[in-house]
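The values are calculated or read from the model by the stated rules, or taken from the named source; none is laboratory data. If you're wondering where the values come from, they're calculated on a predicted model, not measured in any experiment. In this analysis, Cβ positions are derived from the backbone assuming ideal geometry, glycine residues included, and neighbour counts consider all displayed protein chains. Heavy atoms of the whole protein, side chains included, go into the accessibility calculation; ligands, DNA and RNA do not. Shrake-Rupley method; radii C 1.70, N 1.55, O 1.52, S 1.80 Å.
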Amino acid sequence: DKGNHRHFMAKEIYEQPEVIPHTFGHYIDPTKETVVLPELPLDLGSVTHISITACGTALYAGAVAEYWFERFARVPVSIDIASEFRYRETPLQPGGITIVISQSGETADTLASLRYAKELGQKVVAVVNVPTSTIAREADVVLPTLAGVEIGVASTKAFTCQLATLACLAVATGRAKGVLTSDDEHRLVRAMMEVPRLMTEALKLSPEIELLSRTLAKAQDVLYLGRGTNYPLALEGALKLKEISYIHAEGYAAGELKHGPIALIDEKMPVVVIAPYDRVFEKTVSNMEEVAARGGRIILVTDQKGADLANVTAMQKLILPEMPATIAPLIYSIPVQLIAYHTAVLMGTDVDQPRNLAKSVTVE
Ligand code: M6R
């Protein structure tokens with residue numbers, strides 16, 4: 001049932017302010033402002049290394065979490081595409097854990113990676129949405145994402161629920177390692193509790209994004225740029241746009257612009273820049289200036305402070321409320337999803353069932 005939405009994807013985008021509190025509700029004690037994980041058969045305090053592996057959107061959730069694990073818990077992380085991880089014969093040291101992330105819990109390469117990690121004696125934590133799936137059954141620890149059934153082939157609410165779950169795991173690891181103080185933890189949990197309200201605010205950008213998608217629908221290629229946790233979001237934005245609108249898109253770390261993709265920039269090339277005002281904002285502004293100087297058209301997704309500071313020509317701005325940097329990836333996902341959605345609707349594609357794609361990739 002799509003409710004009053006035209007597509008399951010739209011319904012699932014709009015459901016996020018409701019499903020995110022379910023997910024956080026499972027891992028957070030709101031009165032104590034602490035993260036509470038289920039009983040784990042491992043000691044997070046003695047984890048020496050984390051390997052993350054997944055495919056597609058789930059991989060990008062892992063790529064955001066890499067920043068969190070390193071910042072909150074000071075644990076080194078390596079992240080790999082599951083189809084590479086499983087064949088690379090990655091050495092996995094005792095004391096490490098492997099985190100697999102999957103909406104369906106049936107993705108062939110992710111499952112094979114889980115089995116590989118287990119064979120090498122790693123404890124495997126699965127962040128999965130389908131609790132009866134093979135990945136959920138075979139993992140040592142299951143952290144459910146509780147997004148509810150996701151029907152649209154393009155993953156939306158499962159992604160933000162993966163982020164919510166991984167944020168909680170990162171905070172719990174930081175606490176267990178003695179890196180985060182209880183004050184840090186309270187502050188982070190309070191920020192998490194703001195997510196549903198901020199998502200509702202972000203959804204209000206929909207009409208503006210619908211207008212803006214007219215520019216994107218005419219483009220042959222679109223570039224997405226971001227730094228820090230917004231870099232994986234740039235990758236996710238490009239994936240989402242390709243999947244459902246069939247427009248070629250690339251996500252890049254903003255700092256890589258000069259190392260190649262800048263050669264593509266001309267007045268026909270829209271560049272979506274995901275840049276809340278944070279500690280790397282100024283750096284991203286100089287990348288935007290480089291794009292503008294070559295006639296590229298910029299769509300800047302930012303907050304008021306960022307919008308005021310970025311005085312670049314040929315720019316459209318999507319302005320989100322100000323928020324703590326930690327939760328920004330969850331909120332900035334919304335405009336990223338809506339950009340792809342509205343562009344695809346305008347192109348007249350089959351948004352929920354894009355050509356050549358399957359919801360669950362059970363063959364390699
Ligand atoms: O079910 P999974 O999360 O394991 O699926 C992984 C990818 O196939 C999936 O995220 C794919 O990239 C989506 N269609 C993205 O929207």
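Overview of values
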| quantity | calculated |
| --- | --- |
| Count - residues of the stretch 33-91 that are within 16 Å of the ligand (Cβ to nearest atom) and among the hydrophobic types (A, V, I, L, M, F, W, C) | 13 |
| Filtered residue count, the stretch 112-123, keeping only those that are crowded, with 24+ Cβ neighbours inside 10 Å and not polar (S, T, N, Q) | 2 |
| From the options E33, E18, E66, E39, residue that is touching a strand residue (DSSP E or B) at 6+ places or on another chain (Cβ under 7 Å) and either under 22 Å from S155 (Cβ atoms) or of a type outside the set (V, I, T) (or both) | E66 |
| Evaluation of I97 against (1) buried (at least 19 other Cβ atoms within 10 Å of the Cβ); (2) part of a helix (DSSP H, G or I); (3) out of contact with any Ser or Thr (no Cβ under 7 Å at 6 or more places or on another chain); (4) among the aliphatic types (A, V, I, L, M) (one fails), failing number | (2) |
| Residue in the stretch 135-147 that is out of contact with any Gly (no Cβ under 7 Å at 6 or more places or on another chain), outside any loop (DSSP other than H, G, I, E, B) and closer than 15 Å to L59 by Cα present | no |
| Among (1) within 14 Å of the ligand (Cβ to nearest atom); (2) within 30 Å of K32 (Cβ to Cβ) - the single one V141 does not satisfy | (1) |
| Pair list, Cβ under 7 Å, 6 or more apart: the stretch 348-364 residue under 25 Å from S213 (Cα atoms) and away from the ligand (no atom under 12 Å from the Cβ), other residue of a type outside the set (D, E, K, R) and assigned to a loop (DSSP other than H, G, I, E, B) | T349/Y246 |
| Residue check for M323: away from the ligand (no atom under 16 Å from the Cβ) and either open to solvent by 10 Å² or more (accessible area, probe 1.4 Å) or small (G, A, S) (or both) | yes |
| Count - residues of the stretch 1-30 that are more than 24 Å from G348 (Cβ to Cβ) and of a type in the set (G, A, S) | 1 |
| Conditions (1) within 24 Å of A307 (Cβ to Cβ); (2) outside any helix (DSSP H, G or I); number of the one not met by Y231 | (2) |
| Qualifying residue in the stretch 182-205 (condition: in contact with a helix residue (DSSP H, G or I) (Cβ under 9 Å, 6 or more places away or on another chain) and within 13 Å of the ligand (Cβ to nearest atom)) | no |
| Residue selected from the stretch 51-83 under the condition touching a Gly at 6+ places or on another chain (Cβ under 7 Å) and outside any helix (DSSP H, G or I), by the criterion most open to solvent (accessible area, probe 1.4 Å) | I79 |
| Which numbered condition D184 misses (of (1) in contact with a strand residue (DSSP E or B) (Cβ under 8 Å, 6 or more places away or on another chain); (2) surrounded by fewer than 21 Cβ atoms within 10 Å (Cβ to Cβ)) | (1) |
| Complete set of residues in the stretch 284-302 that are in contact with a strand residue (DSSP E or B) (Cβ under 6 Å, 6 or more places away or on another chain) and open to solvent by less than 10 Å² (accessible area, probe 1.4 Å) | M288, V291, G296, I298, I299, L300, V301 |
